[in-house]
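The next block holds one structure in the form of structure tokens; read it before the comments.
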Amino acid sequence: MVFSYIYTMEERPKAAWTIFCKNRTEDFPETCMMREMTEPILWMCSRREFPTWGTGDYRSTALIVRGQDGTTACDLRYRGYRILSGKYGLSGLPAVYGAEKEAQTLEVVLEDGRTGIQVTLLYGVLPKYDVITRSAQIINTKENIIYLEKAASACLDFVTGKYDVISFYGRHAMERNYQRIPVSHGNYVIGSRRGTSSHQYSPFLILTEEGTTEDAGACYAMSFVYSGGFQAEVEKDQFGQNRMLMGLQPEQFSYPLNTGEVFVIPETVMTYSRNGLAELSQNLHRCFRNNLCRGPHKEKVRPILINSWEASYFDFDGESILKLAEEAKELGIEMLVLDDGWFGKRRDDNRALGDWQVNEEKLKCSLGELSAKIHTMGLKFGLWVEPEMVSEDSDLYRAHPDWALQIPGKNPVRSRNQLVLDFSRKDAVDFIFDSITEVLDYAEVEYLKWDMNRSLCDVYSAAAGYQGKVLYDYVLGVYDFLDRLLKRYPNLLIEGCSGGGGRFDAGMLYYTPQIWCSDNTDALDRLQIQYGTSFGFPISAVGSHVSAVPNHQTGRKTPLSTRGAVAMAGTFGYELDLGNVTEEEKEEIRQQIKEYKQLAPLIQTGLYYRLSNPVTDEVAAWEFVSEDGTQAMMQAVMTQIHGNMTGNAVKWKGLEEEACYQDAESGELYYGAALMETGILLPIKSGAYQTFRILLRKVGS
Ligand code: DGJ
């Protein structure tokens, strides 16, 4: 893989350093080469590894540093490099990790003599996933304060070629919709100004050569390992050169650096495939699953859960929760998750966020007792929290109004009737940490759903002084809390959540190996949401539940089998009132659970292939192939139904052409080539949204 290059000019226009990072990490030293370039070529082929202002490059930059006098020029010159075994880590920030045998680090030191700004570019190379990560440390070595106004961790310049850009836009309950458009002259910019990675755009971008498909063609991805505001850009300049950038959201960002202070730009994970989008996604899936997610759960099949939210919302007590647990146990479900409403005076979403004391009056017992009873039934117990929030009607807000983010003299913007707690200040974080750990110390809790239900708007911290740093420090506060929590409870499984999938990013995956994908549990909409999500994130990270019909978000009715099939393409669970489920449906749920238990290793660790586009095709189909190639499973849902339906054949991917595969149910035998070239014709079943599953085993394995 020829993927990344360093380009700095010692003496313009004479020297350009180009380092090609090949697929083998040990190639670094041998492949360093120096090229002489002439002025005209330089103009046309001006590839910059870390572009800044004041260098004659007028395209979008990676770094903008403002001095006290208001100037922003920063002319970084190469000073040296180091190559280290193993992947670098970042203090206080999530990052891909890699041991000495699987990864290498390249550090390149640059300096601007005038301003005293020193930059260390950090590269992590993980050849087995074709992944290169990028981060940078900025140090102020001079006496005057400087302000970082823009900080991107990755920049890729493409001198020639025609490209498409793929991004994922959305909204609450309809996240990560796929959009592919040709790159044209100008700037294509997506991002979040909300203090979180957001429902609106995923911090993930793909650039493909024109014509690239799932199975062929070159494509490049950037995924930001950060859960706050971001900006991703593609710029096509007057020469047709394309630049791709990923970094922090520059609006509302102005980070002061005093003498000797260091700022770390969050990491971007980059990957490349010349074999199309399926391989690109698989690179990220494998890297995130194995080298970003942590803890004992990352490789385990996660417990099948029942969540109380769509079962009863705020309307529950201890008895109704125990009844739900009993019904769940009887069906084979493994964990009960008590969602919002168990604390303070929380009877609706107007109050009590911040008061993390168990409402024993509502539960009619302590949480310890409730959890003990659930464990006695043979179930695990999980709990919902929303640590970053505060309701104005709460004891916490009455005691510490200055702990809420709000601008003095301005009426704060409320969203879901709540304010955001100032997680940039340690005293607030410590207080919430102590309140929540008091609950967790007392009751046996194996799982935590970490929710976050609004964007940050009135960003003012009473403790901060200069406000331009608050958004970044807020995210560090969240990470610090999560880190401490995992250290204290190393076996705790945390599921991320933010009004559904509003903070579904690689940064959260470092702490929470699964994330609730969307508040929309409608199976048809989920096909689209999970399709978009699959481009950048592993299936094992996608929280996905079977819910009731008519669906609470759309009113649509889909068969239980379809809801099961769609939810199984993720970390599986249920979220409905089991008291309203018929005996026949219960039997089907028991069956689903048995099937999921058998299939989960293949689903969670298999190579994932998108077989169709659920938005434009009549069939939504996807496939898992075990890494050893001995098993493959295709799942399809008919998204449309017409009179006198025409046939639909789904073509398989990722099989061995010459190998013979047997359908586990019918016993039919097929050659891999036939399955991939012709496919299997789906039977025509009447009724909307029918689902089909075919499990194949390679003969002789
Ligand atoms: C938003 C989440 O996405 C839901 O699943 C649920 O936990 C509610 N918050 C609870 O308030």
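Laboratory data are not the source of any read-out in this text; all were calculated from the coordinates shown. The structure presented is a predicted model; accordingly, all values stated were derived computationally and were not measured. Quick reminder, even Gly has a Cβ in these numbers, built from the backbone with ideal geometry, and neighbours come from all protein chains shown.
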Neighbour-count ranking for F204, F504 (other C-beta within 10 angstrom, fewest to most) reads F204, F504
Filter the trypsin sites (Lys or Arg not before Pro) in the stretch 403-463 to those in DSSP coil with at most 10 other Cβ atoms within 10 Å of their Cβ, and list the result.
K410
Looking at the stretch 356-390, which trypsin sites (Lys or Arg not before Pro) are DSSP coil and have at most 16 other C-beta atoms within 10 Å of their C-beta?
K364
For the stretch 103-207, listing GluC sites (Glu not before Pro) in a DSSP loop whose Cβ sees at most 16 other Cβ atoms within 10 Å gives E143
Estimated distance in nm for a label pair at K101 and D395, the labels positioned 7 Å out from Cα along Cα-to-Cβ
5.4
Exposure-ranked with fewest Cβ neighbours within 10 Å first, Y574, Y220 stand as Y220, Y574
What is the set of long-range amide H partners of M389 at a cut-off below 5 Å, with H atoms built 1.01 Å from backbone N?
L421
Zone residues, the stretch 301-341, relative to K364, backbone N less than 12 Å from point 7 Å out along Cα-to-Cβ:
316-323
Taking Cα atoms of the chain, Rg/Rh with Kirkwood Rh, to two decimals?
0.98
For T554 and R171 in one chain, what is 0.36 nm times their gap in residues minus the Cα-Cα distance, to one decimal in nm?
136.4 nm
Additional length obtainable on full extension of the chain from H185 to E665, 0.36 nm per residue less Cα span:
167.5 nm
Would you mind giving the average projected area, over all directions, of the Cα convex hull of the stretch 35-148 in nm² with one decimal?
9.0
Taking the Cα centre of the stretch 395-475 as the origin, how large is its charge dipole in debye, to the nearest 20, when only Lys and Arg (+1) and Asp and Glu (-1) carry charge on their Cβ atoms?
620
Gain on full stretching of the segment that runs from R347 to K586 - 0.36 nm per residue minus C-alpha separation:
83.0 nm
Give the calculated FRET efficiency between T160 and F314 to the nearest 0.05, with a Förster radius of 35 Å applied to their Cβ-Cβ distance.
0.05
Least to most buried among M244, M377, M568, by other C-beta atoms within 10 Å and fewest first, runs M377, M568, M244
Let's see if you can work this out: charge +1 on each Lys and Arg Cβ, -1 on each Asp and Glu Cβ, no other charges. What is the dipole magnitude of the chain about its Cα centre, in debye to the nearest 20?
1000
